[in-house]
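Below you'll find the structure, written out as structure tokens, and then a few comments.
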Amino acid sequence: MVFPERFSNLPDYAFPRLRKLLDVHPAGGEVIHMTIGEPQHPMPDFIGPILAESLAEFGKYPPNEGTPELLAAIGDWLHRRYGVRIDAAEQAMALNGTREGLFNALLALCPEKKGGKRPVVLMPNPFYQVYAVAALTIGAEPVYVPATADNGFLPDFGLLPSDILERTAVAYLCSPSNPQGAVASRDYWAGLLRLAEKHDFRIFADECYSEIWRTAPPPGVLEVAQETGADAERVLTFHSLSKRSNLPGLRSGFVAGGPGSIARIRQLRAYAGAPLPLPIQRVSERVWADEAHVEANRALYQEKYAAADEILEGVPGYEGPEGGFFLWLPVEDGEAAALKLWRETGVRVLPGGYLSREVEGFNPGQGYIRVAMVAPLEDMGRGLSRLRDCLYN
């Protein structure tokens, strides 16, 4: 297969790279997987009966944008969670997971030129890799903005040169962030909205970790946009049931934003995408309407935050995340640390440099490892104890 030249400098995806690094060596102990952010907590127990009741609907073509009932459930959830009211029939669309939406929204909304020049797509560095692939697919220039300890692991887009900002069409931001677990405050969102207004670009807010938090629910971009009177067409938010509800295999999420933006995304889906099967939509309706399982899930993660804080107390540079379920742990070299940990203990983690790009000789993920806290509490604790003893003692 021949890929366009613009993909020539794209490295392998993180997990094939990890297999090449580790799998040529035997594990140094009982294997504990702490790499992939695949939730392991129980899924809601009402899923099975709803799916069984809906099986016959696999025999029908599903509606492109989502059933009226699912869209209504999404709108109701946004109001309960953020105090935001939208016309969900016009301002939301069901997604096959957020990755589909984060990719296709850029195809639907990024102009071929901005100011007569190649458009720019901003993203934090490190970042979810689909942001860069989407930018490269449409021929935009991805600009990787460092998210480091010095800026609270949230990129300062406002420090970019004015010629870059004037070419910017879209800025991606994940909050709570993957991999660092940093939460964008109301002031941060408001500042980004002002910057977007000044330079006329859209914000794509990847908020799929929004329901996993330590002390307080993270502010959402839609509520800050409403509070500040920002143009609804300037913002899109992306949410998922994968993390919130421990349903990564359901591949169900949504995008919400201005009606003009959603109309264009729906149009692309009509030509080049696939809507969620109706039984999946029926399950999703019920899951967005239920908060009890979300609260129980959050309590389990809060136990894990406390356990990580206790086990890693005293580790130089350790900071427990404010949200999400990853630890972003400082090491001298991420690849070397991941390999040492695997060969000596059997604990499997991801080098931070696999999630970021080198810019002007600096890779902000190189001195970190990402550790997923998705395993059962006892297994996670055992893995973190081995990690601490291997890398920090």
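Looking across Ala92, Ala27, one residue alone is among the small types (Gly, Ala, Ser), at pLDDT 95 or above, under 23 Å from the mean Cα position of the chain (by Cα) and buried (at least 16 other Cβ atoms within 10 Å of the Cβ). It is Ala92. Flag: Leu165 matches the condition of being touching a His at 6+ places or on another chain (Cβ under 6 Å), modelled with pLDDT of 95 or more, closer than 19 Å to Asp200 by Cα and not in a strand (DSSP E or B). Within region 174-196, residues that are under 19 Å from Phe326 (Cα atoms) and assigned by TED's automatic domain parsing to the domain that holds Ser240 reach partners that are of a type in the set (Val, Ile, Thr) and part of a loop (DSSP other than H, G, I, E, B) with beta carbons closer than 8 Å, at six or more positions or on different chains, in the pairs Ser175/Val183; Pro176/Val183; Pro176/Ile212; Ser177/Val183.
Going through region 360-393 one residue at a time, which ones are of a type outside the set (Phe, Trp, Tyr), within 19 Å of Asn178 (Cβ to Cβ) and outside any helix (DSSP H, G or I)? Hits for region 360-393 are Asn363, Pro364, Gly365, Gln366, Gly367, Ile369, Arg370, Val371, Ala372, Met373, Val374, Ala375. For region 271-297, the set of residues classified as more than 25 Å from Glu53 (Cβ to Cβ) and either modelled with pLDDT under 95 or buried (at least 19 other Cβ atoms within 10 Å of the Cβ) (or both) consists of Tyr271, Ala272, Gly273, listed by residue number. For the criterion of being over 17 Å from Ala196 (Cα atoms), in contact with a strand residue (DSSP E or B) (Cβ under 9 Å, 6 or more places away or on another chain) and not β-branched (Val, Ile, Thr), Glu112 fails.
Taking region 242-274 as the range and being out of contact with any Pro (no Cβ under 9 Å at 6 or more places or on another chain), among the hydrophobic types (A, V, I, L, M, F, W, C) and either under 19 Å from Gly324 (Cα atoms) or not assigned by TED's automatic domain parsing to the domain that holds Arg99 (or both) as the test, only Phe254 passes.
The values are calculated or read from the model by the stated rules, or taken from the named source; none is laboratory data. Remember, it's a predicted structure, so these values are computed and weren't measured experimentally. Note: ideal-geometry Cβ built from the backbone for every residue, glycine included; neighbour counts use all protein chains shown.
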